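Read-outs: derived from the displayed coordinates by stated rules, not from any lab. Remember, it's a predicted structure, so these values are computed and weren't measured experimentally. We place every Cβ from the backbone using ideal geometry, glycine too, and count neighbours over all the protein chains shown.
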Amino acid sequence: MSVSIIAIESSCDETSAAVCVDGKIRSNIIANQTVHEKYGGVVPELASRAHMQHIIPVLEAALKEAAFELKDCDAIAFTRSPGLIGSLLVGGHFAKSLALSLNKPLIAVHHMQAHVLANLIDDPKPSFPFLCLTVSGGHTQIVLCESPVKMKVIGETIDDAAGEAFDKSAKLLGLPYPGGPLIDKYAQTGNPDRFKFPEPRIQDLNFSFSGLKTSILYFLQNAGKSNLYKEEFSATEEEKRQFIQNNLPDICASIQQRIVTILLNKLKVASLETGITDICLAGGVSANSGLRKAFREMAEKYHWNSFIPAFQYCTDNAGMIAITGYYKYLAGEFSDLSTGSSARAEW
Ligand code: KG4
Ligand code: ZN
């Protein structure tokens, strides 16, 4: 039996469409929205409008690249949750209209499940059960994956996500949004041991990043002399600016190293506790070169089989929605047209 899925992703500020035939991604087209740059973050209403403009051309491009006709699909998959509600609604209604007009079944996909299953797109693939550290702008989770349709969150952030930690740190340094990739860039030439930021003590397999952000704030307000809270911050705005300018690579490398150790120390405990050694990364932050390198080194040390999706499947994309749709199709997990979109993350 051959199974073809058309997928739509629109949870945040990327409009994407993909075609998947028998578990192989034939096309994965992503339109980024540049309209948010000048606001320093995603503006939900502008994101919804941009999705409306992009969604038809993006689907057409995906069909063309895959040399695939709409009528030949077996199901339409779309991101149901979590995300920005206006953005989700545009993709959701578009997917439902397609399903209705083509008389094909609809498959609602959880965005975080799809990030995990991006690891099943290319070979080699992890064996079940595997663990996945999903790190994005909105989420930070350790997921125990028993099958493509059975997974459990065994650890997650209690405040900021890892991507937010990167972006908020970058903002404190005066870097534009999204600052994660810029921290990565400057960190390449910096000394990660130059400045020390604290590692939070959080119970179980959960994470916290808000303390790190505060520590960086105090560190900058004291122009690097201390990252402890002091009633009177010693540095003037000009001293702060000069300090950042003179030390940017070392500051970025030190922040990046701390975020990476917070993530990987918990992942190591998760592997030891579960005995699982097939371990994956997923989400936009898995593009971070420091995280990738440290993850590979940890995998070698602890004899893990390690997996990281290709870059185009790490950030938000419809390819991961399509592969999830494919496995849900095989499991018979369909949704009806009354399925609503949801901003919230419950599985
Ligand atoms: O998965 P994603 O594309 O969107 C969400 O679902 O949130 O992740 C976006 C996040 C942003 O916070 C961005 O700064 C971060 O991933 N990011 C990075 C890098 N590339 C993207 N963070 C650090 N280093 C990078 N190279
Ligand atoms: Zn995402």
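Below, the figures for the structure above:
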item	result
Residue of Ala318, Ala47, Ala61 that the Gaussian network model of the chain assigns the largest fluctuation, springs spanning Cα pairs under 10 Å	Ala61
Computed FRET value (nearest 0.05) for His93 with Thr261, which takes r as the C-beta separation and R₀ as 41 Å	0.45
Footprinting exposure proxy for Met320, Met298, Met151, Met1 (fewest neighbouring C-beta atoms within 10 Å first)	Met1, Met298, Met151, Met320
Under 17 Å from the Ser210 label point (7 Å along Cα→beta-carbon), backbone N, the range 126-153	138-140
Cα-projected label distance for Ser101 with Lys24, points at 7 Å along beta-carbon direction, nm	2.9
Computed lengthening from Tyr229 to Lys64, 0.36 nm per intervening residue step minus Cα-Cα distance	53.7 nm
Per residue Cα convex hull volume in Å³ - calculated over the chain	133
Whole-Hz ³J(HN,Hα) from phi, Karplus 6.51 cos²θ - 1.76 cosθ + 1.60, for the range 62-76, glycine and proline x	5, 5, 5, 4, 7, 6, 10, 9, 3, 5, 8, 6, 9, 6, 10
10 Å-binned pair-distance histogram of the range 19-141 (Cα, whole percent)	11, 37, 37, 15, 1
Distance (nanometres) between label positions extended 7 Å along Cα→Cβ at Glu37 and Glu333	3.8
Share of pairwise Cα separations in the range 108-157, more than 17 Å, in percent	28
Cα-only Debye scattering, the range 221-347: base-10 log of I(q)/I(0) at q = 0.14 Å⁻¹	-0.89
DSSP bridge pairs, the range 1-107: antiparallel proportion in percent, nearest 5	70
Percent antiparallel among DSSP beta bridges (both partners in the chain, rounded to 5)	60
Cysteines in the chain that, by Cβ-Cβ distance, have no pairing candidate under 4.7 Å	Cys12, Cys20, Cys73, Cys145, Cys252, Cys314
Centre separation in Å (Cα based) which lies between the range 55-98 and the range 144-167	25
At 0.890 mPa s and 25 °C, Stokes D of the range 67-135 from Kirkwood alpha-carbon radius, µm² per second	176
